[in-house]
Structure formats: C-alpha cells, structure tokens
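The values are calculated or read from the model by the stated rules, or taken from the named source; none is laboratory data. Values in this document were obtained by computation on a predicted structure and should not be read as measured data. Cβ sites come from the backbone with ideal geometry, for glycine too, and all protein chains shown count toward neighbours. These accessible areas exclude ligands, DNA and RNA; they are computed on the full protein's heavy atoms, side chains included. Shrake-Rupley method; radii C 1.70, N 1.55, O 1.52, S 1.80 Å.
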Amino acid sequence: METNTSFSWKEFVKAGLLGGAVAVLLSLVGMVAAFSGRYIVSGVFTMGQVLFIAPILLSTYAALRRNRQLTNSNLFMAGLLSGLVGSAILALLVLIGSMVNLRAMLINASPELYGILTFGRGTGLGIVILLGLGLLIGAAAAGFLLLPDRIRHALTQAIIWVLLIGLLRDLIVTVSFRWGPLSSIVRQLFAVSGLTIIGALILFLLVGGVSYWRWGRPKRDAAESFNQQRPAARWLTIGITGLILLFLPLILGTFFSEILDNVSMYILMGLGLNIVVGFAGLLDLGYVAFFAIGAYTIGILTSPELGIATMSWWEALPFALLASFLAGFVLGLPVLKMRGDYLAIVTLGFGEIVRLLVLSDWLRPWLGGSQGIQRIAQPSIGPLVLNTQQELYYLFLIGLGLVAFIAWRLKDSRLGRSWMALREDEDVAMAMGINHVSTKLLAFATGALFSGLAGAIFAAKLTSVYPHSMNFLVSINVLSLIIIGGMGSIPGVFIGALVLIAAPDLLREFAEFRYLVYGALLVVMMLTRPEGLWPEKRRQLELHEEEPAVVPAAD
Amino acid sequence: MLRNWTQRVTLTDIIVWALGILILIGVIWGSIVTLNTGKYSTSTWIDLTITGLALGGVYALIALGYTLVYGILRMINFAHSEVFMSGPFTATFAAQALIALGWWNTYPILSLVIVMLVSAAVSASIAILLERIAYRPLRHAPRLVPLITAIGASFFLQYTFRGLYGSGLKPFPDMEIFSGFWLIGTVRIFKTQAVAILGAFIMMLVLYTIVQRTKIGKAMRSVSEDKEVAALMGINVDRVITTTFALGGISAGIAGILYLLLFPVAHFFMGFFPGLKAFTAAVLGGIGNVPGAFLGAMVLGLLESVGPSLFLDGLGIPAPNQLKDAIAFTILVFILIFRPSGLLGERLTQAKA
C-alpha cells in the first residue's frame, strides 16, 4: 500500500488518535453523559453524541486539509483511516469498560456512558456500529473537503446554526411564550428538547440558503459599516439598539433577566480588567479583591447588622467607589517595579490575602467573618426600591453605559496611548517621557474602580455578601472573558461575557464543566488566535510581530 | 551624596518602606508579647518547628519544579500546582489497590515506593505533555501569552481530574508503621513528619546531584545560560527542556506522597495552595537556584507553622491559624518588593523578567 500512495499514513493515524483521545477524555470527564439528555434535533441526535463525534471529525478534517494536494481517492483512504482509528479508541474504551470495572477509579466510566457510546446496542454490536460510524466520519470529512467552497461554507453555517439554536431551545421557547402569536409558530419548530425534525430542516435550509446566496458578496466589518453610515442612519442604529436594551428585561422575563444581570456584572468587571490587562498589559490575577472591596464597603455602610452605619445605597456608593479606587492605588504601589509573571503572582497573592482577611475571625466584628453581611440596603429612586432582577438590570445598564463610554474615550486619549506604549515597551515609553508611576497606578486604580462599581451593584442584587463569593475563580472568569473576547478590545469584552458567562447559565449541564472549558479555551486561544475573537488592531499586530509579515497589501 | 539620595527616593518608595517597617514592628512586637506571656511551652515550639520543617520539605520539592523551569524558560509554570496534584490524586487509587492486595501493611516500604513511583510517573507525564502541547509552540511568543496558557492549562487540568476522579475527597490510607511518634531524647517527632523531612532531604540531594554532577544536568545549566549557544554546542534543547519538566514532575509527584503522609486527603483542588506557597518559596530563595529553593521552602514552612502562634497571637488576633496562608502571601509580596532576587539569587526580576 505504501508504494502506490504518496501520503504518509502516520499523520492520519496521529490525527485519528488525537480525535479519539479527545473524545475519550470528553466521555470520561462526564461531558458526553451530561449532555446526552439534551437533544439538538428531537429524537434524532443529542449534544452528547455531538461531543464524541465532533472531535474525531474535526481532527480528521484538519489533517486532510493540511494534505489537500492528495488525489481524491487517497483523501478518502486517509479520511477512512483517521476516522477508523479515532472510533477504535472509543471502541477500546467500551471494550475495556465491559471487561474491567473502571468505575472504581474513573467515576464517569459508567454503563450509561457505554450505552451512549454504543447507541444502546450492547457491547458487541455497539462496537461494530462505532467502528462503522468512524468510517462514516472519515468519509464525511473527506467528502466535505471535496465540496465546492461555496457549498461547504453554506453547509458549515447551517450546521453551526442548527446546533446553536437547538442548544438555545429553552431560552427561545420560554421567551416566545410571552408573545402569543409567536409562540404557536415556535411550538412547531421546537420539541420538548431541541428542535423538531421539521424545525431543523427549515432552519438548515434557511441558513444554508442565505449563506449560499451571500457567498462572494463583499463582507463588511460591523464597526466599519457603522462608521460609514450617514449620521441619521447611525443615530437610528444607536436608537434601536438603545430601545432593545431598554426593553430587554421585559422581553426576556424574570429568569433570563437574572442571567442578563450576571452578564452585565461581568461586562462591567471585564471593562475594568480590560484596562489593566488589555490596555496597560499588566496581568492582574487578584482582580476579585476590588470587587470584594466594593461589595463589602456597601455592606458595611448600609447593613444594620454590624451597627457601623446605616446609609442608603446611594450614600454608600461614593465610599465604595473611593475605597476600591484607593485599593487599586495601594496595590499598584508595591508592584510598580515588577513585570509580567511576578506581577500576576503578587496580585494573585493580594486577592487571596483580601479573601483570607475577610474570612478571618479577627475582622469578624467589622466584616462579618465567614457568615458574611446580610440585609444590605437596595437602591431606591424616590419611593421605588430597585429590588427585582429586572429593575436592577437598569442599574447595571446605567453603570455599563457610563463605564463603556469612559473606557472607549480613555482608549484613544493621551492616557490610553501611554498605557499602550508602556505595554509595548516600558523602557522606550519611559524614554519618551511617559511617567510610568502615575500611568500604571491610574490603570490599576481605574480598573479597580470599575470592579468596585460592579461589586457595589452585586451587593445590592443579593442584599448580602459572603467571602465565598469572592474567590479566585471570579478573577479567572473575568480574565477568561477578556482574553477570549480579545485583549484590549471593548466589543471583545461584550462578546466574551455573552459567550462565557451566559453559556453556563443557559445550559445547566455546562455549568459543571465551566472551568474545564474555560481552561481549554484559554490554551487553544493562545495557541491559535492569541488576539481573541474580536481583536483589537494594535494588539493583533503586537501578538504577531515575531511571525513573518503575512499582512496582505492594502487594496 | 545626600542630594542624590533625596532625589532618588520617591513618594512610592517612602510609602512602601513605611508599610514594610510597620509590618516588621508588628511582627517583633507580637513575638515579644507572646514570648513574655509564655502561653506556649517549649515542647509546643519544638512541635511547631518540626511541623514547619516537614512542610518546608514538601514545599522544597514542589519549588524545585518552578525553579528548574524558570531557570530554563524564564517563565512561571503556573500549572505546576496541577502537576503536583495529579500524581498523589492518582496514587490514592494505587494505595487502595495495594490495600486490596493486602500489601499495604505487610510490605509497607515496598508499598510506599510503589505509590511514590505511580505518583511520580503520573506527575512527570502530565508535566511532559503540558510542555509538549501547551508551552513548546509558544516559546517565542510575547511573555503574557505563555503565562495565560499556563493559567488556562492549570484550570483545565484541575477540572479534568475533577471530572475523571470526582469532586469528593479521596482518603490516603494510614500506614501502621508510620503511626505514632519517635522520641529523640526528650523531643517527640511524628513518624510521618520524620519521613517527610528525610524524604524531602534525600530527594533534594539526588536532584541537586543530577543538576550539578551529571551530563544532563550540565546540559540543563548551559541551556538556562543561553539557549542558542547551547544548541550550537550540540545540545538538543528540546530534549533538555523535556527532561527539566520531567524532573520537576518527578519531584512534585514524590512531594505529593509526602504531602499525603502529612495531610492524608487528596482532592482536585489540593495543588492550589501548596503550589502557590512553593512558588513563594522559590522566589524567597532566589528563583532559578536549587539550594535557594530548599532554603526558601524551609524558611517559609517555619514561618507558616510558627508564625501564627509567634507573632499573630501576640498581637491579639483571634484564631491566628486562619491567617497562616496570608503570612505566606505577605512574605511573597514583600520579598518581591524589597529583594526580588531572593535570599540566594542573582538579580533577575528586572533584567530578565
């Protein structure tokens, strides 16, 4: 066989092994089983099946794409080989699992999992089916590659949208119930879990058709097209967006408004950390400390429990902001001279010190110890107390608007450009006359201020604060969302928060695997696309400066 | 001269120094008060010291992983705490299997060696995979990129092991021969602690010998000096880096078993605090410096174990043990401010970091 084929079969075996290994990992950490109850297309296939098929498919496809020059028959051979190897690894897991009780060690290696992997057909027949499926996957990957670009693109889009809409079924159906006529249509498209077959077909054809039709038309950058609009149209866009944002909680209802609040809070923090990490390039892992300081200041000053002060929320807010701003300054002072890695660890240490102090018995009379502070005042406007999730959303919205505006204006200001100069080369920036002390301190303090604001609203939202909600994972959430969105990019923060924060709330199965996925996303993102989903232009250039210039000539 | 001095000192320096002096006064004052009241007996102090040394030994072995990697790649392997967690977490299953075989208490030393080998093998494999998949492609990327990768990898590994083995606590079985204590003169020393100190010391000597006396150690030192020149001299840089990660993994895996002898419960989050403290120890001793890691770890272990009773108690802080982690982090912050080169290190933070 090696004589008349010019492809190296090793690479495809490797691709199959990789895909199979990822599929086995996803199975063994429990993701496949957790998602097996969630149908994408009702009665046809579940997200769980997608999770063990997709790795093999994608890894096979990637390997084939690297070897596009092969002849068609060789491509098919290679695809079949890679798919077979991938599914063989899964089959091996089922086989071993049926003979040895793996469950004593790997808690997710349950009969349930084997049932899902073998499509409920028992070990013997199941393994045969699995291997057949592997061949099918390989053939599909090869066939997919051989399709004309236009059709392939349309197919990809259609598949992605079916998956997405199928996963978001709960959101869409619940929201549509609030709108009488809409709900009867929606009910046709969605089943109890996932899309109906008809719904999936309609969606598939619709998205596929639209993207087939749009192929080749000039694509416009969203931000660019916005800038090119005439002023009247631009204001219309802004107005419509504003109106949608205003009525969003009414459209979504209580449950989803809470998710919206959560996302808004993280956007608020993300915008702050984006200044520190994205603009100024200072990796801060103790960002939760400022959030805690904001929330606790509100708690201390408004809760009657501690008997220190009983201000209203609005009276306490300036103190909370001031406290977090100053805390940013104080943290900034000692770490001024440090760069990169050391800074990350020291800020992490600082965050932990704050948490440990809050948790300790020593400061219990003032900070409430491990029981936290309850009965925190909620903000009121006149006689109206903002105490539902929908009402609090408006508080977030105002804060968000303000902070986003400040961040946007800061970015191209003198200060913003100084931050970027320091990020790129500290020595050169200093030689150019930038005062690195005040510039860095302002970055820390501004970031801390925004986080303190988020904390203050958070305290009002829960009416209580606990040290346990101030852990390191909050910092990691915020860091992940700005990195996935794109370091230094303001729209990136919004994108990142929508993807990372809303996903675990919308898909409850996902919540358990949240940090697993975040971690994997961070690694994959850094390896393949360090500038993030919505890159900031300058940052993109910096991150690719060591690579040979592949920037196409301006046209 | 004086004018020069006044010009160089900025407001931030003054504030930082004032803070440092304030904390120092607090520590001294607290210690004096505690010692004067005589609340703790001499034997308590000795117990605390031994606990501190045992803890320090474990930290030293973990710190070695940070130090070796930092020395060569100039990066903080943030995921090293998970390398440390993976070994012992897996080894608890080996221990269960050995109990089922009935070897655990009939051949205790052999069992301990097997468990250590399992732990070291798992940790080393994770470390090697980590380097190969996550770090190697990023060797020339801007500094922030590998660091973020390391943080991501750390969380990925933590929650992967949580998914694989469950989020519950896995008890590490007691060994009959290591229960109770030995009496040396009038000093009482728990057997597990003695084993931890001894084990850490032996491991440390072995690793130090490897780095200083063997050919691969020489290659490691030369790569840390200058990668390009080392490559020109015919050293396979990739292989040396892999070996470094493997050595760090082995020592973390063995540290993990010693840690389980002291605190016999494994879980997916067990790496976080020891990892952070070991990093502190590495910085304290001077990162990139093997004896420094040992010294730093011992100092940190002692401060952490003796400190709460010695100076926090004297300051009238209730339940001072709650703040023992805060001591470690405060040390980290201040060592990085006042002596970033650590106790034994060259001055690195600004020049190369």
Close pairs (7 angstrom Cβ cut-off, 6 or more residues apart or separate chains): touching a residue at least 24 places away in the same chain (Cβ under 8 Å) and within 24 Å of residue A:329 (Cα to Cα) in region A:350-365, outside any helix (DSSP H, G or I) and of a type in the set (Gly, Ala, Ser) anywhere: A:350/A:286; A:351/A:286
Residues (open to solvent by 70 Å² or more (accessible area, probe 1.4 Å), over 32 Å from the mean Cα position of the chain (by Cα) and of a type in the set (A, V, I, L, M, F, W, C)) located in region A:36-76: A:76
Any hit, region A:77-94, residues being assigned by TED's automatic domain parsing to the domain that holds residue A:26, surrounded by fewer than 16 Cβ atoms within 10 Å (Cβ to Cβ) and not aromatic (Phe, Trp, Tyr): yes
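Residue by residue, here is whether (1) assigned to a helix (DSSP H, G or I); (2) open to solvent by 20 Å² or more (accessible area, probe 1.4 Å); (3) touching a strand residue (DSSP E or B) at 6+ places or on another chain (Cβ under 9 Å); (4) under 14 Å from residue A:270 (Cβ atoms) holds:
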| site | (1), (2), (3), (4) |
| --- | --- |
| A:440 | yes, no, no, no |
| A:445 | yes, no, no, no |
| A:481 | yes, no, no, yes |
| A:518 | yes, no, no, yes |
| A:531 | no, no, no, no |
Segments classed as helices (runs of 4 or more DSSP H), wholly inside region A:16-115, with at least 2 members that are within 14 Å of chain B (Cβ to nearest Cβ) and of a type in the set (A, V, I, L, M): A:31-34
Number of the exception - residue A:125 against (1) open to solvent by less than 70 Å² (accessible area, probe 1.4 Å); (2) part of a helix (DSSP H, G or I); (3) without any contact (Cβ under 8 Å) to a residue 40 or more places away in the chain: (1)
Residues satisfying the stated conditions in region B:129-178, i.e. more than 8 Å from every other protein chain (Cβ to nearest Cβ), farther than 23 Å from residue B:257 by Cα and of a type in the set (Ser, Thr, Tyr): B:135
Complete set of residues in region B:31-62 that are more than 17 Å from residue B:198 (Cα to Cα), of a type in the set (Gly, Ala, Ser) and in contact (Cβ under 8 Å) with a residue 60 or more places away in the chain: B:31, B:43
